[in-house]
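Before any comments, here is the structure.
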Amino acid sequence: MFRAKVSEYNIANSALLSLSYIYVDDAPTETIEGLNVFDVRLQITPIPSISGLTLEGEFAQELKGSVYDAQGGYAQIKYHWDSLPGSPELSYRYSALAGDNPSTPENEQFHSLAYGFSDWGTWFQGEITGEHVLDHSNLISHLYRIQVQAHENVWVNFFYYHFRLDQPEALQNDITNAHFADEFNLITDWSMNDNTQVSASFSVVIPAEGAKSYAASGNQTWIQGMLYLTFDF
């Protein structure tokens, strides 16, 4: 059970500042029960004459006495071209979610607390790596994304992720190389009508030295295809 307080501030109509405090009152594990979370989020449209440019970022600090001290956050820049065919949007995001340092008495492993979905590549970083291999901790990622509106109700997204481990030895003792993998996602969304959406994804992961030491099939290229059908009632 979470207790939270959130405050938002609109600054000069060009920035939105959000401050949050979360206290984990009751949890299934002792690790996060009693955890204090402080979060700050900022979204900026810095230059009114360049309306397509957006900067945003978020930083979270998780504390619990002298036993837990974890950090996580991201910074992103994106640009949207309304005047071009397909209204393309190009973005880059850097994310850093701490892993536990085995040489310290504190636990520095970032905990995501809860999952949700607002857009592709947000809660799950990579359709293979983020969903099936690594979670929201001990992870540094560089994301490059292109989104194009191919038709009135069809959007095409291309993602490239470069994944690194914050603390390689925390994932597995014999991992010494921080480069975990590179992933490519091609995702198409089709809004058939107001109630139905179809999404198709094709993903490829090229394991690097970190994944080769960690996964049983780490020497092979990982491939996944998925089809999603969503109804709203």
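Readers should treat all values here as calculations from the given coordinates under stated rules, not as data from a laboratory. Just so it is clear, the model here is predicted, and its values are computed rather than measured. Methodologically, a virtual Cβ is constructed for each residue, glycine included, from the backbone with ideal geometry; neighbour enumeration extends over all protein chains shown.
Quick notes
- Qualifying residue in region 40-59 (condition: in contact with an Asp or Glu (Cβ under 6 Å, 6 or more places away or on another chain) and touching a residue at least 40 places away in the same chain (Cβ under 8 Å)): no
- Hits in region 131-157 - residues which are surrounded by fewer than 17 Cβ atoms within 10 Å (Cβ to Cβ) and in contact with a Lys or Arg (Cβ under 8 Å, 6 or more places away or on another chain): 142
- Tabulated pairs, region 131-151, first within 17 Å of residue 185 (Cα to Cα), second surrounded by 15 or more Cβ atoms within 10 Å (Cβ to Cβ) and among the basic types (Lys, Arg), C-beta under 6 angstrom, 6+ apart or interchain: 143/93
- Meets criteria (among the hydroxyl-bearing types (Ser, Thr, Tyr), surrounded by 19 or more Cβ atoms within 10 Å (Cβ to Cβ) and closer than 24 Å to residue 78 by Cα) for residue 161: yes
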